[in-house]
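One structure is given below, encoded as structure tokens.
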Amino acid sequence: MISIRPRFAATILLLVLGGTASIWMLRTTPDSLYRQAIAIKDTDPKQAQKLLLHSIALSDAEFPKANIALCALLVADGQCIEALGSFDGIRNFNACDPNDLCQLARAAVEHDCMLLAKLSAEAAATLPGDHQASALQIITLAFSAKQDWNSALQACDRWIEIAPGSGEAWAMQGDLLNKTLRPLAAVDAYRKSLSLDPTQTPATLGIRRSLISLLIAIGESDEARTHLNSIGESDRQSIELVIAEAKLLHLEGNLAAAKSAMDQVIMRCEDNCMDAFFLRGLIHFDLANYDLCIADLQKVIAIEPNHKESHHKLGRALLSVGQNDLAQHHLEVSRKMTDAVIRSLSTDQN
């Protein structure tokens, strides 16, 4: 008679072995390795990187979620080049979660890995969904961080096409147009931004300051005054806005009040009073106080020797007091600087 005990034992052994194999297989799929890595990424990022590398290898590079997670860990660890290599391993961006790509792009911006930020945000922007505006915002910021104003402006224009109701997008366009010396277009962009969000917040205060500065520069004193008067009294006491007030008073022809405002600014400013000295020098010139004008503009040039406008106005003030030789020197310096700017602009346009 054959005992069933050995058969039972053998069956249990097979079940145990089979179950162990199944568990092992389950724990070593690309997805399970990915989930293990995510679970420990904050406590053991190095081990998480190894698990993600294993996940990518097992999937034959067909599991982009693991690539993106590995990129994020590498960026946080300061390994930008390695992160770019992992990103380059993604074969099919259509299989990516665009929100994962946007999150990676933000992390890359935070850790100054701008090329990765641009690439991941651009990949997200090609995928349909509500995330596109966010992706284009990140691209705009990435180009801006590199001072590639024209590329940033192109990205910002696409951002506005997708989200025309975003005051933030219009404000960014205004900043970029200002950077690229297009003040009239910048004014329109700032106006649009404030029309979408007319509230008084720190963000809109910054936009309004930029708009006021440009309106004064192009001679739109009435609109500049309206915006300046809409700002609360405490905010208007900042040095930047007191200078704006003085510029506007100067433009409006109230020279005495403009000078008084600049006297107050110069008493308050500490290390860098260059803008204040320059503006007060212009006011002194218009008041025919040439000696005081010369003193202020000389202070500007001592701080910034290449301040073209100061050299020009100083030259004219020196002519007015009969110091012709010194006046011609400063006028010549200003002329050479102007010629250099014109050549530079001509080169950029070509």
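Treating each Cα of region 95-214 as an identical point scatterer and summing with the Debye formula, the log10 of I(q)/I(0) at q = 0.12 Å⁻¹ comes to -0.43.
Taking amide H atoms as placed 1.01 Å from N in the peptide plane, the amide H of Asn254 has no partner under 5 Å among residues 5 or more positions away or on other chains.
Taking the Cβ-Cβ separation of Leu319 and Cys269 as r and a Förster radius of 45 Å, what is the calculated FRET efficiency to the nearest 0.05?
According to the calculation, E is roughly 0.95.
Average projection, convex hull of the Cα set of region 32-138: 6.0 square nanometres. In order along region 103-111, phi translates into HN-Hα couplings of 5, 5, 4, 5, 4, 5, 4, 4, 9 Hz, rounded to whole numbers, per the Karplus curve 6.51 cos²θ - 1.76 cosθ + 1.60 with θ = phi - 60° and x for Gly and Pro. Our Cα-only numbers for region 216-350 put the radius of gyration and Dmax at 16.4, 48 Å.
Taking 7 Å steps out from each Cα toward its Cβ at Ser195 and Arg35 produces label points 5.2 nm apart. Counting only GluC sites (Glu not before Pro) that DSSP places in a loop and that have at most 14 other Cβ atoms within 10 Å, the longest clean stretch of the chain runs over 63-232. Modelled spin-label separation between Ala288 and Leu184, with each label point placed 7 Å from Cα along the Cα-to-Cβ direction: 3.6 nm. Derived scalar couplings between HN and Hα for region 283-289 equal 5, 4, 4, 5, 7, 6, 8 Hz in order, rounded to whole Hz, by the Karplus curve 6.51 cos²θ - 1.76 cosθ + 1.60 (θ = phi - 60°), x for Gly and Pro. Given +1 at the Cβ of Lys and Arg, -1 at the Cβ of Asp and Glu and no other charges, the dipole of the chain around its Cα centre is 1020 debye to the nearest 20.
For the set Lys179/Lys308; Lys247/Lys336; Lys308/Lys336; Lys259/Lys336; Lys192/Lys308, the pairs lying more than 21 angstrom apart at their alpha carbons are Lys247/Lys336; Lys259/Lys336; Lys192/Lys308. Stretching the chain fully between Asn99 and Arg335 yields a gain of 79.7 nm (0.36 nm per residue, less the alpha carbon separation).
Readers should treat all values here as calculations from the given coordinates under stated rules, not as data from a laboratory. Here the structure is a predicted model, which is why all the values come from computation and not from measurement. Positions of Cβ are backbone-derived with ideal geometry, glycine not excepted, and every protein chain shown enters the neighbour counts.
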